[in-house]
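Values quoted throughout were computed directly from the atomic coordinates according to the rules given, and no laboratory measurement underlies them. Predicted model, so just to flag it, every value in this text is computed and none were measured. FYI the Cβ positions are ideal-geometry reconstructions off the backbone, even for glycines, and counts take in every protein chain you see.
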Amino acid sequence: MGKSAGTKRNEKHAGLLMSAKRVFLEHGYANTSMDLIAEKAGTTKRTLYSYFQSKDGLFGEILELGGDLFVADILPLDPEAKDLQSALEDYLTRIVEIYCWQDAVALQRIMLAEQSRFPDVSRALYLKSMGRIVADLTGWLTSLQKQGRLRSMDVDREIKNLLNTTTAAFRLNTLFGIEAPVDGPPGPTISKDIDREPIRRGVEAFLHQ
C-alpha cells in the first residue's frame, strides 16, 4: 500500500525544513532568500511557498525544530543512580555537547542576531531548552533529598549556581569563537572532545559543599 497524500506532504515538509536549515546555518538569516532555499532544496519557489508562507515563518519553524531536537538529545537523570558524581557529570557534559555542537552554535548565533525579529519564538526556544534542564535537575535533586542522599538546599538557587559553574563558560566561549564547536551531532554516547575536568570539579563542589 502506497503512502497517503498526507504522509507524503509531511515528509516533503520535513525535507524542505532540513534543507532550509542548512542554508540558514551556512549563509545566515539576512543572506538567505526563498530563491536560494528552493535552489538548494532542488525545488521551485512556488512549491516552497506552498509549504511556508514566508521566509520569517520558515525560519520560525526552524527555531522551533531546534528546540525539539535539543530536548530530544538530553540524557535522563536516574534518581536511583549509585554514583551521583558520574550521573550528574554525564548529564551536564551532554548539555554542553548539545549547546556546543556546531549546528547548535550557528543557530544560536543567528537567533541572537535576529532576536528582535523573532522575540516570541526566541523566548519560547530558550524556555523550552532551559525549562527542560531545570525541571530535570529539580526533580532529580528533590528525589535525592527525599531519599536522604543529598543535603538540604535552596534547589532553584543551587541549580543556577551549578549551571553557571559547569556549563556557562563552554557555551559562551563557543558562541564567541574563543573555542571551536563540537564537530558532530550528539550521538548515543557522550563526545570525548569535551574537557570534562571543569564539569567534574563543579559537580564535586556542588555535591560535597
Round to the nearest 10 and give me the degree value, 0 to 90, for the angle of helix 102-113's Cα axis relative to the longest principal axis of the chain.
80
May I ask you to list the trypsin sites (Lys or Arg not before Pro) in the range 155-192 that are in a DSSP loop and have at most 15 other Cβ atoms within 10 Å of their Cβ?
Lys192
Would you mind checking which residues have amide H under 5 Å from Val182's amide H? H placed 1.01 Å from N; only 5 or more apart, or other chain.
Trp101, Gln102
Which residue, Gln108, Gln85, Gln147, tops the fluctuation ranking in a GNM of the chain built on C-alpha contacts under 10 Å?
Gln147
Mind giving me the nanometre distance, one decimal, between the label points for Asp103 and Glu204, set 7 Å out from Cα along Cα→Cβ?
3.6
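Hey, what number do you get for the chain at 222 nm if only DSSP H runs of n ≥ 4 count, each worth -39500 (n - 2.57), divided across all residues, to the nearest 500?
-22500 deg cm²/dmol
If we count every other residue with Cβ under 10 angstrom of Lys45's Cβ, Lys/Arg +1 and Asp/Glu -1, where does the sum land?
On the way: positive: Arg46; negative: Asp35, Glu39.
Once positives and negatives cancel, what remains is -1.
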Sorted from fewest to most neighbouring beta carbons within 10 Å, what does the list Ile95, Ile62, Ile178 look like?
Ile178, Ile62, Ile95
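All other residues with a Cβ under 11 Å from the Cβ of Glu26 taken together, and with Lys, Arg as +1 and Asp, Glu as -1, what is their net charge? Mind dumping the intermediate values first?
On the way: positive: Lys21, Arg22, Lys40; negative: Asp103.
Here the charged neighbours net out to +2.
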Looking only at Met111, Met18, Met153, which one moves most when the chain is put into a Gaussian network model with springs between Cα atoms under 10 Å?
Met153
The distance between the Cα centres of the range 109-179 and the range 1-79, in whole Å, is 26
Within the range 94-144, DSSP-loop trypsin sites (Lys or Arg not before Pro) with at most 16 other C-beta atoms within 10 Å are Arg117
What is the spin-label model distance, in nm, from Val134 to Asp73 if the labels are put 7 Å beyond Cα along the C-beta direction?
2.3
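Pairs of alpha-carbon atoms within less than 8 angstrom and 6+ residues apart define the contacts here; what relative contact order does the range 61-208 have, in percent?
Values: 129 pairs, mean separation 57.7, N = 148.
That works out to 39 percent.
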Under 10 Å, Cα contacts only: if you run a Gaussian network model on the chain, which one of Arg151, Arg196, Arg22 comes out with the highest mean-square fluctuation?
Arg151
